[in-house]
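Below: one structure, written as structure tokens.
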Amino acid sequence: MAQQQDRECFLRIHDHFAPRLQRYMLGLGVAPAQAEELVQDVMLKVWRRARLFDPTRAHFSTWLFRIARNLHIDHLRRQPHWLPVDDGLEYLERQETDRDDEGPDAVADHACLGDAIDQLPAAQARLLRMSYLESKSHSEIASELGMPLGTVKSNLRRSFEKLKDALRPSL
């Protein structure tokens, strides 16, 4: 398809992946009209850059969703509310000086949380870290790990319940 720009093959790819990309964008909080536009941008980029795809480096779906993710980030950066990193760091530093969670109790709480996460099965601990510590959406985790979205959600729910039980003070 890449070298010949096979239209029929591209249309099959479009028909298969466009709805999935649309759901992915909606899951990222993109408005429906904007999501549709981003999906079209992804497909246009795939058509133009198909020759750059290397199946030895990644699955096609991984490559496709990476393009979608990057276009989404570019879209966010063009928004007026986008805060450059340096400004964001200054804002966070100002917020941290106002916080009162730097004391010994906070350090102990963080240590207990880390220990409790370490006691979980490795797969569950990884999901919790990706979701809560790396702030990844369920869709991003599913895409990155190649898991169905429902499996990610149910595993996270079970992991969180185990974590709550581990942190609950014993009576």
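Odds and ends about this structure:
- Looking only at region 59-99, and only at residues there that are within 24 Å of the chain's Cα centre (by Cα), open to solvent by less than 100 Å² (accessible area, probe 1.4 Å) and at pLDDT below 85, the one that is nearest to Cys9 (Cα to Cα): Leu76
Each row is one residue, and each column tells you yes or no for (1) under 21 Å from Asn70 (Cα atoms); (2) touching a Leu at 6+ places or on another chain (Cβ under 7 Å); (3) surrounded by fewer than 14 Cβ atoms within 10 Å (Cβ to Cβ).
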| site | (1), (2), (3) |
| --- | --- |
| Ala142 | yes, yes, no |
| Lys153 | no, no, no |
| Ser159 | no, yes, no |
| Asp165 | no, no, yes |
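- Entirely in region 100-149, the helices (runs of 4 or more DSSP H) that have 2 or more residues that are of a type in the set (Asp, Glu) and at pLDDT 85 or above: 138-145
- Flag if Arg23 is open to solvent by 90 Å² or more (accessible area, probe 1.4 Å) and part of a helix (DSSP H, G or I): yes
- Selection within region 150-171 - among the hydrophobic types (A, V, I, L, M, F, W, C) and modelled with pLDDT of 85 or more: Val152, Leu156
The values are calculated or read from the model by the stated rules, or taken from the named source; none is laboratory data. Since this is a predicted model, take the numbers as computed values, not measurements. All Cβ positions, even for glycine, are placed from backbone atoms using ideal geometry, and neighbour counts span all protein chains on display. These area figures cover heavy atoms from the full protein model, side chains too; ligands, DNA and RNA do not enter into them. Shrake-Rupley method; radii C 1.70, N 1.55, O 1.52, S 1.80 Å.
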